[in-house]
1. Compute, for segment 534-633, the length of the dipole vector about the Cα centre, with Cβ point charges of +1 (Lys, Arg) and -1 (Asp, Glu) only. Units Debye, rounded to 20.
2. Order Arg349, Arg588, most accessible first, counting only protein heavy atoms with a 1.4 angstrom probe.
3. Dipole of segment 84-157, Cα-centred, from +1 at each Lys and Arg C-beta and -1 at each Asp and Glu C-beta, to the nearest 20 debye?
4. Which listed residue (Gly130, Ile117, Ser146) has the Cα farthest towards the positive end of the charge dipole for segment 89-149, taking +1 on Lys and Arg C-beta and -1 on Asp and Glu C-beta about the Cα centre?
5. Is there a quick way to get the dipole size of segment 451-539? I mean about its Cα centre, with the Cβ of Lys and Arg at +1 and of Asp and Glu at -1; what is the value in debye to the nearest 20?
6. Name the residue farthest towards the positive end of the dipole of segment 465-620 from the options Ser595, Gly506, Phe530, assuming +1 on Cβ of Lys and Arg, -1 on Cβ of Asp and Glu, about the Cα centre.
7. With all protein chains present and a 1.4 Å probe, how do His817, His52 order by accessible area, largest first?
8. In square angstrom, what is the accessible area per residue of segment 451-586 with a 1.4 angstrom probe?
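The values are calculated or read from the model by the stated rules, or taken from the named source; none is laboratory data. Because the structure is predicted, anything quoted here is derived from the model rather than measured. We place every Cβ from the backbone using ideal geometry, glycine too, and count neighbours over all the protein chains shown. Surface areas here come from the heavy atoms of the whole protein model, side chains and all, with no ligands, DNA or RNA. Shrake-Rupley method; radii C 1.70, N 1.55, O 1.52, S 1.80 Å.
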Amino acid sequence: MISYFKNSTKFVLATGSEISLFQLQEKENVEEFIYEDIKPQCINQVKFISQHNKTLSYLNSEKRYQYIKCIATSHHENEMLVAAGQISGKVSIVNFLPTAESNLEFTPRQNRPSLSIAWNEEELNLLAMGFDKNKFDHSISVWDISRGAASDSSIVNLIGLSESAHSMCWDKKNLIAGMSSKYIKMMDLRGAPTALTVNTRAVNGVTISSNSRLLSGYFENVVSIFDLRKFTEPINQFQLANHLAQISWCPTTENCLLCLQKDSSLAINIIDIHWNGIEDDNDAHFIKRIIAPFEIVDRKNKFQLLSKATSLENICWDPKYSNQMLVAASNPSNTASSILLMDLEVPERRIAVFDKWNKLYTPLSPEIREIPMVSPPSSPTNSTNSWYPNAGIMEGDISELFQQRILQDYGQMDFERNAKVCMDSSLASVWKMLVQMKNADCFIGLRTILGIDSKSEELTIAQSVAETRAFFDFPNGGAIKVYKSEEREFAMELCDWKFMKSDLNGSLQMYIEELCKKKRYTRAAMLAVFHLRIRLACDILARGANEMDDEKSSLRISAIALAGYSSGNMWKMQCGSAQKQIDDPHLRAIFSFLSDDSFNGVLYEEGISISDRMAFACTFLNDRQLSEYIKQMIQQSIDQGDLQGLLITGATIDGIQLLQAFVDRTDDVQTAAIIGQKILPADLQTDNRLQTWIAIMRNMMNTWEMYEKRAAFDISIASTKNSQKTPKSIFLLCSFCGKSVSASISHLQEDARQRNQIQGNKLSSCPNCKKPLPRCSLCLLHMGTSLPSNVYNQSNIKSRNIKSWFTWCQSCRHGAHFVHINEWFKTNTVCPVTSCNCNCFAIDLPLLKEKKDDPSLNGQ
């Protein structure tokens, strides 16, 4: 056991039967480390190793004690008092001053081991002594040594009858003791003793930090740390590998706790405690680290002083020098009576922090210095991120990109503006895709539109109709099967394939012309081939070869190869072999489509946008294949963090998972926060992930002192939350019972939305009286029944939702589906119900003057 005297270089070393006094002194012009073999006139042989140019001097020793259990040095600066507790319970006071009087001793009434000793730091003459349990004696005695030998007048306090005191320490006037293996007592000894008790098993090694703030104790291999301001329960606990032998707070550095394990094999555990802002236990951070003394070989005798078999026995912090300690160890390679002392330094754990302008600072010596950045920090460009292809923009910290975007009102404007100021082409394509979804007022995603349930193994997709079509401008091209449905057509519109069926050639030609103006010839040719126009694709490639005037361009060769298309096996086999030699992804997709009946070369071509691939799948895959492909693409988008997958997932839980994967891959919480608060519905706005991203952006803008931008960001979020749909102004009532039918239809729609399905209402009777709802005057189906898909396909009405609406005349009360009544009134003006002469069409729509003069057209 080692114990320093207060603010001194002298210390005592206690073994089983001896207390020796040593002194450490600095020495100049020495080697990297100092090794000394000291053989004083004492029982033990001492070997000393120092890292700090120090030498060890033997001063004195006391040999008349046996079986010393614990020691404590007094806090007197002018005296060198040492209290030693023995296994018999006797406590001896040793004074190493030459002029000291005879030593004092205390003997308990009942003989039992002395377990702990502690000197008071304020009243230097008070010594607390702790003993093992005895039912006829107290476990704690407080001795005032200034009153002389132990007697009834010098023993000022007796505490803990029939208890045991495992460890003790002083906190000013209060004595803190771990007692009876079940609680810690903090006792005020001024006047009648009063105690505050905390139930815990961490009663061993009770010690207090230098700032009298934290208290620690241990039991077996668990260390408990208490805050004396809230002395009710531990603020933290740490479990180590082996049972503990000693814990000790650093006297010069606050919040640094040393933990020594039994059979530690040169390993010392250090627990660093750091506080954020106001020192509250909720803001404390505990960091564990391990230090180990160096290995040294005695050059003279050629044997290793420290090895894995060396065991650390005791450690004592240096009271004068920061982060230095004295370690006592036993070396089994030498004689049993040898002791190894090591003067070591604990490496200081320095904290480096960034300021708001991304400069790195750390405390060096007494001042804070800036650390020069040798290399740029890790960013999404130079790490594992492949999202940002423009390396020139992302060379610095990503926060610099955030600042540039904020200054350009990124997220505060419309989606088109965000696409221009996001400073990345791939991200711009995402915003353009969101523009398409916003214009269609549909953020639910293709999966929901098509009625696909990812959790169901059954086929829930909306049924389609298969048609066989031939190539329009290539007679020898053969035929291919395509699939059509109302849901698929709407999905293709979201994918920006807005080609009117009534004028497909004209609208497709206009779209292709726009692509050619942007010199995107290969994509234009791909769309032409996907719409079964091979000759048009050849003309586009030839036009691109002429306008680009590049000898190395593959457009001319591709046009020649495409012109020779044949449904024979030889042409398809040669195209399949040449796939790897084609660099352009759109050209690869063209030849893969024409040569591979499985379409895998198109569906899984990552060089093509998800929009084009999904529109292609909606055209050429059957219901089961499309359902499986949608599920695969959702999982692939989440795995890759590709925001293009929002087209499929929509504003759903899977969409939030996709945003989280994007943040994990790119660290771009700014884009995730903006997209989330722009498109997610109200029930998903409260998701913890979205709220975390929003909070991060708020904190960053506050840190950069962009308060106006942060306020605008908050306003945009509040406006999104407050925006609500216009309430219904028309309600349907049953003509028999007079109760609402609209509420039941709304419930059916809500259930379908929760199941991620888009389907027609199946309600054909009143949910209250069970009477049938009115029939359509033309198709004779009940109101609420889904219409066949061929009815939608034959109609020229653009809106898919309004076609199945039930409309009625407010004069005669007869009605029909909107798509049917619209077709009827193209050629008629009278109500379609037999024997009804109501001119329904003329009531809301004025007729021409010549028709008004006709008496047969007068309404009722």
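1. 260
2. Sorted by accessible area, descending: Arg349, Arg588.
3. Magnitude of the dipole: close to 420 debye.
4. Result: Gly130.
5. Dipole size: approximately 520 debye.
6. The residue sitting farthest along the positive end of the dipole is Ser595.
7. Largest accessible area first, the list is His52, His817.
8. 56
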